[in-house]
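What follows is a single structure, written as structure tokens, with notes after it.
Each value in this text was obtained by applying a stated rule to the coordinates, not by laboratory testing. Here the structure is a predicted model, which means the values were calculated and not measured. A quick note on method: Cβ atoms are made from the backbone with ideal geometry, for glycine too, and the neighbour counts reach across all protein chains shown.
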RNA sequence: GCCCGGGUGGUGGAAUUAGGUAUACACGCGAGACUUAAAAUUUCGUGGCGCAAGCCAUGCGGGUUCGAUUCCCGCCCCGGGCACCA
């Protein structure tokens, strides 16, 4: 027998498959259903790591399985190639980011080819190609024209290390998603996409998707829809007139307990007051004991101004970490309680967030812990209005209403409804903010906007797309976006639009590039459209999308929004881009820690492929744990050796084939087909493999050629090279990967003899082997006669029994 | 604090969808065969305690049931999401 030479076999078949274009996917195949399997495309960092193998090679099993069951499967691969590392490499080594990126892509493409996955390379794409980003820009201009993209002055997240703005989704625990630098707040004019307009649809449409519940829950909580009530408080001031203060609350039943209002430092009431009154410099210290200075009772607006300035200088984290509530009373201005008419003080306090609700709250110190802490500190009245069971210091639950005029005695829920009806109105508020998409960096899709001499933005007309990224820029960080240093871009703008016109110099968040890439795979060479209507009809939506958990509230949310926006503009059909989604787990180093160079626990997939072969690597990754659960699986050197041994045993079977089929082996084969089919369908590749291992262990010297050919087809998606080699060794025609998936025969699964457990009071005391045809009576008789069981029944006579067909008998001897 | 997952041998994990022989498969470990020897391969064994009968074991404590890893109640621990969100 020939040795199992994985290197020879794998190179040979990879070449052959490429030459035969085995995985080229037509848009339509007569009689076949289309099936679109998608994996998140990689960033071309320069080297394929084990995580990439886990992300691509294991779903390849599923793609191959679907193909063998008769579907026309699209399984594409590309590169999400814009982004910071290229630019940082450019700065560090003084080279062109495009060159760095393209080199990496070439190298990684070769590595991917050695994976032996069934990608259709003819449909490959990279987001940095002008042919690709032309459409990214086209969509942006359409969003702009339809008021889905807009500019506004806003407080945004700033990463000082990446020197760019970040979207809320890209701030993880106050740190930059990329580099873990603490994010600060910065006031600047920024581009936004109106994702918040889609809040309800993003939350509600999840219900119709075949997605894991935890992802749905996480996305819903990110959208953060909250139903409540809005109340208006009239504002009375000594000088000037001010608009009513709108507050949002989820507890309208506590309205009568409101003893003060608080507004965020950024609230417009504060800036209006400051503008109207102006801070009297040094007034506090020059005033007399009654606060009178030069015969005028002075207000505290210098303190207010200082407080606001301090609050705005803090990072979000600093505001949060300061658990002590602080604030300053706004003097000379009061609010009128809508129900009682009482005058109540207004404070500015940074525990009120400007971005949530209306940026102002009605404070109910008796029933809210934060308001309570604040009221205690500043000696504000605390009026209880809800009575409940709990004897906490601050009762925050629902209960019976008191001290609330005619609403006394009502339960919270009823009072909430009545009070809302009488004094306020129902209101819904969301946590989701608009998506900040401008990046002050070079290596990204240029925002296709130009400004006229008056500074008004205009979309670059479609005929000038792609609006190309210029190459004459200074990459050295200067605080200015690099495109500002491009003469070519400036000249191009003036040449096309006229003197005095200037280009936008920011680039797009790369998450925009990846928000529609799945639409380009389906028609990648189309120069007239991002994808033809017929390609969209045949391929969209994506049937199965596998990726990492980190994208739950980033890419997945953005892509869903993008697709809905495109649908509203008439570019795509349907509501959702991804029918079924699965988050995979994480492969850890052998020491159980996340792989990292500093820990020295990195497993290089290329080394492993060299040693044991790509088939072993992918099969081991499939075997390491259930693929559709977000577990963390440590790489185990012994484990991969075990999988390699399994493949060797399968290899050896070709030399031990028998002529006469064995009945029990035939049955085992059908059981194996059943298990492998069901488990693979359910993405439980680990148990699918264990079923095949069982077959090999049992049948390795009792299998006929025909049976072995069935087995090879089962194993083919898991170990595509070795099975292809064996298929041909056995004289198989064509590729094993183009064979039909084996079907099992229900009749072949029927067993003649069953083993039935016999319990006494629920504890197994013996088992009997009996003909599958035996009826209950015969089985009970046999069970009672079982030696050990009889012993127990002798001392404790049977009162009754439970019979579970073909499984067990349980004799109950006590009441 | 709130919301999701999860906790099973020395290890990764099965069985949890419908309550029905817990620990499949693999690693590791032990013993044997082959070999001058080792490696490789192969055969057998392997939850714990016990000579055995048997007892005890699915994070802990209760409950329902003839029977609970599975269902219910109350905790503990680990991972993740959200979090001064009104």
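In Å³ and rounded to a whole number, note down the convex hull volume per residue for the Cα atoms of region A:76-213. Don't jump to the answer; show the numbers that get you there.
Numbers: hull volume 26.4 nm³, N = 138.
Taking the convex hull of the Cα positions in region A:76-213, it is 191 Å³ per residue.
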How high is the relative contact order of chain A? Use alpha-carbon pairs under 8 Å, at least six apart in sequence, and give a whole percent.
14
Equivalent ellipsoid semi-axes - Cα gyration tensor, region A:354-419, angstrom:
21, 16, 11
Specify the angular offset, from 0 to 90 degrees and rounded to the nearest 10, of the alpha carbon long axis of helix A:301-313 from the longest principal axis of the alpha carbons in chain A.
20
Region A:661-803: relative contact order as a whole-number percent, Cα under 8 Å and 6+ apart
18
Angle between chain A longest axis and helix A:720-729 axis [Cα atoms, degrees, rounded to 10]
20
Rg (one decimal) and Dmax (whole number) from the Cα set of region A:601-703, in Å, equal 15.2, 50
Rank these for me by crowding, A:791, A:393, A:702, going from fewest to most other beta carbons within 10 Å.
A:393, A:791, A:702
Sort A:483, A:255, A:793 so the one with the fewest other Cβ atoms within 10 Å of its own Cβ comes first.
A:793, A:483, A:255
Sorted from largest down, what three extents in whole angstroms do the Cα atoms of region A:111-186 have along their principal axes?
46, 35, 17
Report P(r) for region A:696-789: all Cα-Cα distances, bin width 10 Å, range 0 to the bin holding the largest distance, values in whole percent.
14, 29, 18, 17, 17, 6
Using alpha carbons only: equivalent-ellipsoid semi-axes of region A:663-702, gyration tensor based, whole Å
19, 11, 4
As a footprinting exposure proxy, order A:552, A:502, A:428 by other Cβ within 10 Å, with the fewest listed first.
A:428, A:502, A:552
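What is the mean projected area of the alpha carbon convex hull for region A:198-259, to one decimal in square nanometres?
One quarter of the hull surface, i.e. the mean projection, equals 6.7 nm².
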How big, on average over all directions, is the shadow cast by the Cα convex hull of chain A, in nm²?
48.6
Kirkwood-based Rg/Rh on the Cα set of region A:1-57 evaluates to 1.07
All alpha-carbon distances of region A:492-575, grouped into 10 Å bins from 0, give the whole-percent distribution 15, 38, 27, 16, 5, 0
Mean 1/r over distinct Cα pairs of region A:538-606, inverted to a Kirkwood Rh in Å, yields 14.6
On a 0 to 90 degree scale, rounded to 10, what angle separates helix A:6-20 from the longest Cα axis of chain A?
70
So how many Å³ per residue does the convex hull of the Cα atoms of region A:1-134 work out to?
145
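When the helices in chain A are scored as -39500 (n - 2.57) per DSSP H run of 4 or longer and the sum is shared across all residues, what 222 nm value do you end up with, to the nearest 500 deg cm²/dmol?
Working: 28 runs with 300 residues, N = 815.
After summing the helix terms and dividing by residue count, I get -11000 deg cm²/dmol.
Could you work out the relative contact order of region A:478-554, using alpha carbon pairs under 8 angstrom and six or more residues apart, expressed as a whole percent?
That works out to 17 percent.
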One computes Rg over Rh for region A:397-554 from alpha-carbon atoms, with the Kirkwood Rh, and obtains 1.24
Convex hull volume of the Cα atoms in region A:143-208, per residue, in Å³?
114
